[in-house]
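The values are calculated or read from the model by the stated rules, or taken from the named source; none is laboratory data. All figures in this text were calculated on a predicted structure; none of them were measured in a lab. Because the Cβ atoms are built from the backbone with ideal geometry, glycine has one as well, and the counts that use them run over all protein chains shown. Keep in mind that these areas ignore ligands, DNA and RNA; they rest on the heavy atoms of the full protein, side chains included. Shrake-Rupley method; radii C 1.70, N 1.55, O 1.52, S 1.80 Å.
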Amino acid sequence: MPTLHAYLSFNGNCADAMHFYEQALGAKLQTLIRYRDAPPDMPAPPGHEDKVMHALLVHPGFQLMAGDAPPGMPYAPRSSAWSPTVSARPGSSTAS
């Protein structure tokens with residue numbers, strides 16, 4: 001059976017949104033990496049240290065990934081703020 005994976009972009013409020021979704025959807029916030037937590041060879045953009053680089057919310061029926069839009073990548077909530085992906089197990093059929 002295919003599984004839905006979505007990636008959401010936020011304008012600085014990703015952590016708050018993911019904590020909300022964790023409670024509202026009964027899921028587990030498995031990963032929340034802030035820019036300040038990146039390796040030393042990937043310094044955080046100035047003023048972006050506390051923003052979320054990547055978050056992963058896990059639920060038995062789906063995974064929700066998210067992050068705050070980085071500098072130089074404008075946040076556009078009605079156009080490119082989300083990216084859906086469908087994955088299937090090897091050998092399974094997704095055709096109907």
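Things to note:
- Reported count of residues in the range 5-63, each being of a type in the set (D, E, K, R), closer than 16 Å to Tyr75 by Cα and assigned to a helix (DSSP H, G or I), is 0.
- Pairs, first at pLDDT 95 or above in the range 1-29, second among the basic types (Lys, Arg) and open to solvent by less than 40 Å² (accessible area, probe 1.4 Å), C-beta under 9 Å, six or more apart: none
- Members of the range 28-46 that are of a type in the set (Lys, Arg) and open to solvent by 100 Å² or more (accessible area, probe 1.4 Å): Lys28, Arg36
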